1. Give the aspartates and glutamates reachable from LYS61 as a straight Cα distance under 19 Å; neighbours fewer than 8 places away on the same chain don't count.
2. May I ask for the net charge around GLY82, where only other residues with Cβ less than 15 Å from the Cβ of GLY82 are counted and Lys, Arg are +1 while Asp, Glu are -1?
3. Give me Rg over Rh for the stretch 1-116, both radii from the alpha carbons and Rh done the Kirkwood way, two decimal places.
4. Sorting check: for 29-36, 16-23, which peptide has the highest mean count of neighbouring beta carbons within 10 Å, and how do the rest follow?
Amino acid sequence: MFKHILLPTDGSPAAESAVHACIHLAKLTGARITAVHVMPILHMFTYEPGVTESVHDQVRKDREQHSKKYLELVVQRAAAAGVPCTSLLLTSDYPYEAIIEAARTGNCDLIAMASHGRKGIKGLLLASETQKVLTHSTIPVLVLRDPASAPGVHATLLS
């Protein structure tokens, strides 16, 4: 079955559910996980150029520290379940491309990611990275829906 699962995560409640489900799936199949978080490139504009660089560096460091802390929690949860897990922190303006490239270069045979379940205008305005990965990936993608966003839908994988 699957031997290496890429788990993109953004720290959202939907992603939390996906982390839990992915760890469970990896344990059942004997797979290992690579947890990945893609930070957007920080673009800052100001009329005070001297301030920009120091503020930019501090914001970047804070975001990086927060992302590493979250990825470490995923690694710890996987370890507690007996699942080998590494983490990868990437920076890109196009997260879906970074996710697909990480799966390809990491020889992953599955990408397991959350769906935030946005519909209507919200779904149109807030471009879905999950949808983009589904559209462009040549590697199978398992979309894990947050049970809280889908009342009445039950996933046996989460039990």
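Just so it is clear, none of the values below were taken in a lab; they were calculated from the coordinates. Just so you know, these numbers come straight off a predicted model, no measurement behind them. All Cβ positions, glycine included, derive from the backbone under ideal geometry; neighbour counts span all protein chains shown.
1. Within the straight-line limit of under 19 Å, LYS61 reaches these aspartates and glutamates: ASP10, GLU53, GLU72, ASP93.
2. Details: positive: LYS27, ARG32, ARG77; negative: none.
Combined, the nearby Lys, Arg, Asp and Glu give +3.
3. 1.06
4. Values: 29-36: 20.1, 16-23: 22.8.
Order by mean packing, descending: 16-23, 29-36.
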